[in-house]
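Asks: Just passing along the structure, written as structure tokens.
The values are calculated or read from the model by the stated rules, or taken from the named source; none is laboratory data. Everything numeric here is computed off the predicted structure, so don't read it as measured data. Please note: Cβ atoms are built from the backbone with ideal geometry, for glycine as well, and neighbour counts cover all protein chains shown.
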């Protein structure tokens, strides 16, 4: 008699743990031809808030990690996906209705993207920081600092490749994120959570929810402890979301699916956009005379 | 409210400075100012004018046109039609126009300083030594960028955005106009700028100077009016970019009005800066910095060091020195060259400040103010310090935008970082310590766009300025300030 396959339960990924949604709700994930794959958690507003809380808690220590360390952790993520390539490509083939070859090629591109971004952690600052020649006797320099907590909402991630791209670009400089997996890439996204969980990514840096964008979008846009909002794809309620984002002057970015998938996404300006410029002044003795304001 | 110690110096009586008034003979002010559109001054279609007064003595200065929708439409159209020619001009030629503006400001610096002080109430020594020279420096700095933009953002090709709407506040009128206009036109954009209604004069004088510079018509348009005029500008469908400096409240309204529109926006909003003094700080310098941090420009500074955190063990010493220093600040006629604290910009702002002082008293906060008398006519507020303020006090949470300092104490570094960052704002911060490692620790942990270590309230065209969190987004100044005015591919 044939062996009965063991099916996996997919859950949310919050603060490094895999909880079920507190709401107890679910939706049925279907493959590309509409066959049932599994019951996914239908994340609630409360789950989102828990995720933001976890992201906030983790953020400053993630930012404090050395750039070298963050780079190695990103590289570790890539290594661990590589080791599970077959599993990911099977999932993706099923989710997106791709051939094994197409699916494998997507996984490999995703791995390469993570490696690309891992290399930026300790170079970003050198490319974008500056020493500013002020006309007074001060040493003055500007550096990038992560914005903090970023909520990322997609109309629906169309591929694992896209999901991975956005995650790596947004966390590498020290941001923590809450990201909604989207209905047709949620299996691979939540399996990716398992990779994160054993790649030394600190708990809470990446939090992944599965659920419905239309239900959660207003919470993503309005939460007062999230510093920025990335809207991926087309959102019919974009104006409404951007309006909600003004409550705490959230930075809003709109990225299209096409630009994320394009090779041009491999560029540091997407990373830089998710950082603030901080300028520090300090007096220098006796460079030239200067008068105080009083 | 208690007065400062009786044994302090009485500058009012024993040490009073002789009057040293700046002359206003050499300035040229018209009775009435029109809108500057397409290189010409033209009457506003509303035929409505409002008065600009001198806040130091409430006397009339000039009538200012109030632009309505029709005027704004004309100004935006003028900016739009000037775009093609302005962009076609070789970048090095564009630069030369901007260099000219810088030079013309320097040549007429004294006149601009006097008008700035008359119109806004700030001490003449500040407009003379800071506002006007820095405005010229901004034009000079960005002029030089015009033909070097390809080197600013490696790997990107850059293009101007188009028509830029700019709205500026009343605290640094000409300087803010320079911060806005210089990078915008250097990058090949054209501009419609609206100054604040209480301080339109130096912007309009700048318009005259722009005429003298021979800048092609329509590249810079200056429209005057209050909030309604600003709203018309922000909501105009033909603008491609908005740059706003002002309150967080209005900034949020602007952010709302661009929601869903593809209008690039930069906002430079309010602040509630922490100024932190450790026991190992050079105390005398720190006291000077604290005074400068909060009382510079009557405290009408978005990055003012309005929350002072003193390490507990030196609280008594620092407060004592602050009280003494407070007594030596001369408050009064802004046109007097010895004046440290001039007039509050408007009756409305004075009322706001008084409201907070009343709240402080209702909250039972202890405070002290200087013993000096203030002029009877005009809008004045004595420099005031409240001590023992709790984190939840409205005075510690809300931006007052006046010469009011709130003092809190701390014991540990973690505690003060927590308290300093516990605000929706994140514009600036100050730290005073003799220990380098401590200064760097603080400067990396304070969530603020500008951190002044052992100094405060310093500005420079090469130094990016702008906030974290609800203090807005985008930077002005420096290479980073070009980002706001360019499209990148």
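Asks: I'd like to check something: does region B:370-388 contain any residue that is more than 14 Å from chain A (Cβ to nearest Cβ), at pLDDT 95 or above and on the phi > 0 side of the Ramachandran plot?
Replies: Scanning region B:370-388 turns up at least one residue that is more than 14 Å from chain A (Cβ to nearest Cβ), at pLDDT 95 or above and on the phi > 0 side of the Ramachandran plot.
Asks: Which one of B:426, B:481 is more than 7 Å from chain A (Cβ to nearest Cβ), farther than 30 Å from residue B:343 by Cα, in contact with a helix residue (DSSP H, G or I) (Cβ under 6 Å, 6 or more places away or on another chain) and crowded, with 23+ Cβ neighbours inside 10 Å?
Replies: Only one candidate passes the filter, namely B:481.
Asks: Just checking, how many residues over region A:121-152 are within 13 Å of chain B (Cβ to nearest Cβ) and either closer than 16 Å to residue A:271 by Cβ or in a strand (DSSP E or B) (or both)?
Replies: Of the residues in region A:121-152, 21 are within 13 Å of chain B (Cβ to nearest Cβ) and either closer than 16 Å to residue A:271 by Cβ or in a strand (DSSP E or B) (or both).
Asks: Can you tell me which of (1) without any contact (Cβ under 8 Å) to a residue 12 or more places away in the chain; (2) not in a helix (DSSP H, G or I) is the one residue B:316 doesn't meet?
Replies: (2)
Asks: Got a sec? Which helices (runs of 4 or more DSSP H) wholly within region B:15-126 have at least 1 residues that are within 14 Å of chain A (Cβ to nearest Cβ), touching a helix residue (DSSP H, G or I) at 6+ places or on another chain (Cβ under 7 Å) and closer than 23 Å to residue B:180 by Cα? Give the derivation first.
Replies: On the way: elements: B:69-88, B:91-107, B:109-120.
Once the helices (runs of 4 or more DSSP H) in region B:15-126 are filtered for at least 1 residues that are within 14 Å of chain A (Cβ to nearest Cβ), touching a helix residue (DSSP H, G or I) at 6+ places or on another chain (Cβ under 7 Å) and closer than 23 Å to residue B:180 by Cα, what remains is B:91-107.
Asks: Moving on to the next point. Restricting attention to region A:195-216, which residues are over 16 Å from residue A:59 (Cα atoms), surrounded by fewer than 24 Cβ atoms within 10 Å (Cβ to Cβ) and over 15 Å from the mean Cα position of the chain (by Cα)?
Replies: A:198, A:199, A:212, A:213, A:214, A:215, A:216, listed by residue number.
Asks: For residue B:295, are the conditions met, namely being farther than 18 Å from residue B:412 by Cα and touching a strand residue (DSSP E or B) at 6+ places or on another chain (Cβ under 7 Å)?
Replies: yes
Yes/no per residue for (1) part of a loop (DSSP other than H, G, I, E, B); (2) under 19 Å from residue A:196 (Cα atoms); (3) touching a residue at least 40 places away in the same chain (Cβ under 8 Å):
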site	(1), (2), (3)
A:1	yes, no, no
A:10	yes, yes, yes
A:23	yes, no, no
A:29	no, no, yes
A:32	yes, no, yes
A:39	no, no, no
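Asks: For region B:160-168, check the following and say yes or no: at least one residue is within 14 Å of another protein chain (Cβ to nearest Cβ), surrounded by fewer than 24 Cβ atoms within 10 Å (Cβ to Cβ) and in contact (Cβ under 8 Å) with a residue 60 or more places away in the chain.
Replies: For region B:160-168, residues within 14 Å of another protein chain (Cβ to nearest Cβ), surrounded by fewer than 24 Cβ atoms within 10 Å (Cβ to Cβ) and in contact (Cβ under 8 Å) with a residue 60 or more places away in the chain: absent.
Asks: Taking the condition of being farther than 18 Å from residue A:81 by Cα and in a helix (DSSP H, G or I), how many residues in region A:153-181 meet it? Write out each step before concluding.
Replies: Taking region A:153-181 as the starting set, the residues that turn out to be farther than 18 Å from residue A:81 by Cα are A:153-158, A:170, A:173-180.
After this cut, where a residue has to be in a helix (DSSP H, G or I) as well, the list is A:170.
Residues in region A:153-181 being farther than 18 Å from residue A:81 by Cα and in a helix (DSSP H, G or I): 1 in total.
Asks: Let me ask you something else. Quick check on my filter: what residues within region B:452-463 are closer than 20 Å to residue B:174 by Cβ and in contact with a strand residue (DSSP E or B) (Cβ under 8 Å, 6 or more places away or on another chain)?
Replies: Listed by number, the residues that qualify are B:458, B:459, B:460, B:462, B:463.
Asks: Also, quick follow-up: Considering only residues of region B:226-257 that are buried (at least 22 other Cβ atoms within 10 Å of the Cβ) and assigned to a loop (DSSP other than H, G, I, E, B), which is nearest to the other protein chains (Cβ to nearest Cβ)?
Replies: Result: B:246.
Asks: Conditions: (1) farther than 25 Å from residue A:151 by Cα; (2) in a helix (DSSP H, G or I); (3) touching a strand residue (DSSP E or B) at 6+ places or on another chain (Cβ under 6 Å). Residue A:54 meets all but one. Number of the miss?
Replies: The one condition residue A:54 does not meet is (1).
Asks: Could you figure out which of (1) at pLDDT 95 or above; (2) more than 12 Å from every other protein chain (Cβ to nearest Cβ) isn't true of residue A:214?
Replies: Going through the list (1) at pLDDT 95 or above; (2) more than 12 Å from every other protein chain (Cβ to nearest Cβ), residue A:214 breaks only (1).
Asks: Does region B:258-288 hold any residues that are at the interface with chain A (Cβ under 9 Å from one of its Cβ atoms), closer than 30 Å to residue B:474 by Cβ and touching a strand residue (DSSP E or B) at 6+ places or on another chain (Cβ under 8 Å), and which are they?
Replies: Across region B:258-288, the qualifying residues are B:258, B:267, B:269.
Asks: Kindly evaluate residue B:401 against the criterion of being part of a loop (DSSP other than H, G, I, E, B) and within 25 Å of residue B:447 (Cβ to Cβ).
Replies: yes
Asks: Look at region A:248-267 and say how many of its residues are at the interface with chain B (Cβ under 8 Å from one of its Cβ atoms), surrounded by fewer than 21 Cβ atoms within 10 Å (Cβ to Cβ) and either touching a helix residue (DSSP H, G or I) at 6+ places or on another chain (Cβ under 7 Å) or part of a helix (DSSP H, G or I) (or both).
Replies: The number of residues fulfilling the criteria is 1.
Asks: I'd like to know if region B:169-184 contains one or more residues that are over 18 Å from residue B:80 (Cα atoms), in a strand (DSSP E or B) and touching a residue at least 24 places away in the same chain (Cβ under 8 Å).
Replies: We begin by selecting, within region B:169-184, every residue over 18 Å from residue B:80 (Cα atoms); these are B:169-179.
Now drop any that are not in a strand (DSSP E or B), which leaves none.
Within region B:169-184 (the criterion being over 18 Å from residue B:80 (Cα atoms), in a strand (DSSP E or B) and touching a residue at least 24 places away in the same chain (Cβ under 8 Å)), the answer is no, since none of the residues qualifies.
Asks: Follow-up question, since we're still on this one. Considering only residues that are farther than 15 Å from residue B:258 by Cα and either within 8 Å of chain B (Cβ to nearest Cβ) or part of a strand (DSSP E or B) (or both), which ones fall in region A:232-247?
Replies: Across region A:232-247, the qualifying residue is only A:232.
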